[in-house]
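Remarks on the structure that follows.
The values are calculated or read from the model by the stated rules, or taken from the named source; none is laboratory data. These figures come from a predicted structure and were not determined experimentally. Virtual Cβ from ideal backbone geometry, glycine too; neighbours counted across all protein chains shown. Ligands, DNA and RNA are stripped out before the accessible areas are found, and what is left, the full protein with its side chains, is counted by its heavy atoms. Shrake-Rupley method; radii C 1.70, N 1.55, O 1.52, S 1.80 Å.
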Amino acid sequence: MEDTIVIGVAGGSASGKTTVAARLKEAFQNELILICHDSYYLAHDDLPYETRCKINYDHPNAFDTERMIADIKKLKNGLPIACPIYDYSIHNRSKEVAQIFPAKVIVIEGILIFENEGLRNLMDIKVFVDTDADIRFIRRMLRDVNERARSVESIVEQYTTTVKPMHDEFVEPSKRYADVIIPRGGQNEVAISMLINRVKSILL
């Protein structure tokens, strides 16, 4: 599909990336598909749960990014993909996959999608969602407790040992690759409207 538009939505953990992606989906409906980098976490079937809990999931090496690149290329060429499904409750990839079919707009969402040059080069528009660190931490805490059955202690330990250090080392520096920076994430109505209008103008 030569007219496919690929939009990358990056930013720190719980910055509002998902909200921005959801607003794009709302605007373009069936013309848009969303691919999350988290779906491409490497499988660790050979490791016990206790060991999987200690993996640094905020490092680029935690992802099978090469498979994601191959899948995005397939979609751009008009071919469907079998996207992996990741289960946060067990810290491992599910046995199931999601069938995803090509669309005019592909949104790639994830904290590290700008870190990889090969993946970055597939994007036509690169958006970085920039949100205050304290707000991101509070959002992450609430999400992981309510949606991922995590304990407060495990969330704090993970944040201090891997999430924040990896954000400082990989995520924040990748902001320089962004074409658009959206402060305050999903609350920035003006920036989101401008992004939607930009995509609409390209599709015309």
For the list (1) touching a strand residue (DSSP E or B) at 6+ places or on another chain (Cβ under 6 Å); (2) crowded, with 17+ Cβ neighbours inside 10 Å; (3) closer than 26 Å to residue 192 by Cβ, I need the number of the one condition that residue 98 fails.
(2)
Anything in segment 118-127 that is buried (at least 19 other Cβ atoms within 10 Å of the Cβ) and part of a strand (DSSP E or B)? List them, or say none.
126, 127
Filter result (in contact with a Phe, Trp or Tyr (Cβ under 7 Å, 6 or more places away or on another chain) and at pLDDT 95 or above) within segment 87-120:
105, 112, 114, 115, 120
Starting from segment 148-161, take each residue that is exposed (fewer than 11 other Cβ atoms within 10 Å of the Cβ) and list its partners that are polar (S, T, N, Q) and in a loop (DSSP other than H, G, I, E, B), counting only C-beta distances under 7 angstrom and pairs at least six apart or across chains.
149/89
Taking the condition free of Cβ contacts under 8 Å to residues at least 40 places away in the same chain, open to solvent by less than 10 Å² (accessible area, probe 1.4 Å) and not small (Gly, Ala, Ser), does residue 108 pass?
no
Taking segment 171-188 as the region of interest, how many residues are exposed (fewer than 15 other Cβ atoms within 10 Å of the Cβ) and part of a helix (DSSP H, G or I)?
3
Filter segment 26-56 down to the residues that are surrounded by 13 or more Cβ atoms within 10 Å (Cβ to Cβ), among the polar types (S, T, N, Q) and more than 20 Å from residue 157 (Cα to Cα) and list them by number.
39
Count, please, the residues in segment 54-79 that happen to be on the phi < 0 side of the Ramachandran plot, in contact (Cβ under 8 Å) with a residue 60 or more places away in the chain and not β-branched (Val, Ile, Thr).
8
Pair list, Cβ < 7 Å and 6+ apart or interchain, from segment 80-95 residues that are in contact (Cβ under 8 Å) with a residue 24 or more places away in the chain and farther than 18 Å from residue 34 by Cβ to residues that are open to solvent by 40 Å² or more (accessible area, probe 1.4 Å) and among the charged types (D, E, K, R):
89/148; 92/45
Residues that are within 23 Å of residue 4 (Cβ to Cβ), over 14 Å from the mean Cα position of the chain (by Cα) and among the acidic types (Asp, Glu), drawn from segment 77-132:
117, 124
Which strands (runs of 3 or more DSSP E) sit wholly inside segment 48-117 and have at least 2 residues that are closer than 21 Å to residue 177 by Cα?
105-109
Since residue 191 meets every condition but one in (1) surrounded by 13 or more Cβ atoms within 10 Å (Cβ to Cβ); (2) over 13 Å from residue 23 (Cβ atoms); (3) without any contact (Cβ under 8 Å) to a residue 12 or more places away in the chain, which condition does it not meet?
(2)
